[in-house]
Amino acid sequence: MVIVGFLNSKGGVGKSTLCAAVAVRAAQESKRVCIVDLDPQESVADWWKRRGAPQNPTLFVGADRASDAAEALELTGWDWVFLDGPPGALAVTEDAIKTSDFVVIPMRASGLDLLASQDAVRLCLDNATPYFIVLNACRGGNKDKLVEEARSTLFSNDVPIARALVSQRAAFVTAMTRGKTGAERDSAAADEIDALWKEIKTAAQKAVKSKRGGA
Ligand SMILES: Nc1ncnc2c1ncn2[C@@H]1O[C@H](COP(=O)(O)OP(=O)(O)O)[C@@H](O)[C@H]1O
Ligand SMILES: [Mg+2]
């Protein structure tokens, strides 16, 4: 079981959007994919119901904290578990960071988001949980000035960043209200989520391997 947290105490950065999209992508190649909604607003749980409450990815209900969810899920056996984190609630976020094998910190390419994402980065470092930042809702691709600026700031602070970039696309918004993901509605979005999933998969599997090796 590999646990990947989509976590950032800053709200509105794309945790739920990317968590749902990556879980659906993972479910294309794994039979046992589970999402844990840690946000009391339950936006991913509502999305999953609109989707028709599928078995893959399924939704785990019954725990407010990631550590409790992981304990229960360990008994039933899953390939991938994706945690959708809440805004604020640093204690819940820290528990989720401790529970995750790998953390994805979505962020928009803006100075304010850089500052607001520092808590999540610090918690990953404090708990020695491997992580990377994903720049989400980018407007102009790799050449965008804000993307360049965010990348160089993160790079100079030794903060790891995913190579994959997720663009601002209407499909990510409209699909969610219909129980779909942006990647299921827009082929350019699908390419981005595909690249992101491959990067997450490699990084998370490496993290699990080194944890086992070190245990
Ligand atoms: N790549 C994207 N392109 C366009 N809109 C996006 C994108 N990612 C997220 N959004 C929108 O931004 C808002 C916040 O995203 P959400 O996933 O709910 O963030 P969080 O879970 O971090 O609070 C939502 O309205 C969502 O539809
Ligand atoms: Mg959310």
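FYI, it's all coordinate maths here, none of it is from the lab. Predicted model only: the values in this text are computed from it and were never measured. Virtual Cβ from ideal backbone geometry, glycine too; neighbours counted across all protein chains shown.
Going through 4, 24, 13 one at a time, which residue ends up being outside any helix (DSSP H, G or I), buried (at least 16 other Cβ atoms within 10 Å of the Cβ) and more than 13 Å from ligand 2 (Cβ to nearest atom)? Working first, answer last.
Details: 24 fails: outside any helix (DSSP H, G or I); 13 fails: more than 13 Å from ligand 2 (Cβ to nearest atom).
Step by step, each of 4, 24, 13 is checked, and only 4 is outside any helix (DSSP H, G or I), buried (at least 16 other Cβ atoms within 10 Å of the Cβ) and more than 13 Å from ligand 2 (Cβ to nearest atom).
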request  = Say whether the condition of being within 22 Å of residue 201 (Cβ to Cβ), surrounded by fewer than 18 Cβ atoms within 10 Å (Cβ to Cβ), polar (S, T, N, Q) and out of contact with any strand residue (DSSP E or B) (no Cβ under 8 Å at 6 or more places or on another chain) is met by at least one residue in the stretch 125-138.
outcome  = yes
_For the structure I just gave you, tell me whether residue 106 is buried (at least 24 other Cβ atoms within 10 Å of the Cβ) and either closer than 21 Å to residue 27 by Cβ or of a type outside the set (Asp, Glu) (or both)._
yes
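Working only within the stretch 70-96, note down all residues that are aliphatic (A, V, I, L, M), more than 16 Å from ligand 2 (Cβ to nearest atom) and in a helix (DSSP H, G or I). Working first, answer last.
Filtering the stretch 70-96 down to residues aliphatic (A, V, I, L, M) leaves 70, 72-73, 75, 81, 83, 89-92, 96.
Now drop any that are not more than 16 Å from ligand 2 (Cβ to nearest atom), which leaves 70, 72-73, 75, 81, 91.
Listed by number, the residues that qualify are 70, 72, 73, 75, 91.
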Checklist entry - Before we move on, is residue 84 under 14 Å from residue 66 (Cβ atoms) and either in contact with an Asp or Glu (Cβ under 9 Å, 6 or more places away or on another chain) or crowded, with 22+ Cβ neighbours inside 10 Å (or both)? => result yes
| request: Could you tell me whether residue 120 is under 15 Å from the mean Cα position of the chain (by Cα), hydrophobic (A, V, I, L, M, F, W, C) and away from ligand 1 (no atom under 16 Å from the Cβ)? | output: no
Tell me, yes or no, whether the stretch 29-47 has at least one residue that is more than 8 Å from ligand 1 (Cβ to nearest atom), assigned to a loop (DSSP other than H, G, I, E, B) and touching a Phe, Trp or Tyr at 6+ places or on another chain (Cβ under 8 Å). yes
For the stretch 157-175, pairs from a residue that is within 16 Å of ligand 2 (Cβ to nearest atom) to a residue that is outside any loop (DSSP other than H, G, I, E, B) and of a type in the set (Lys, Arg), with Cβ under 8 Å and 6 or more apart or across chains, are 175/185
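Out of 76, 129, 93, report the one residue that is within 21 Å of residue 21 (Cβ to Cβ) and among the hydroxyl-bearing types (Ser, Thr, Tyr). Steps first, answer last, please.
On the way: 76 fails: within 21 Å of residue 21 (Cβ to Cβ); 129 fails: within 21 Å of residue 21 (Cβ to Cβ).
After ruling out the rest, the residue left standing is 93.
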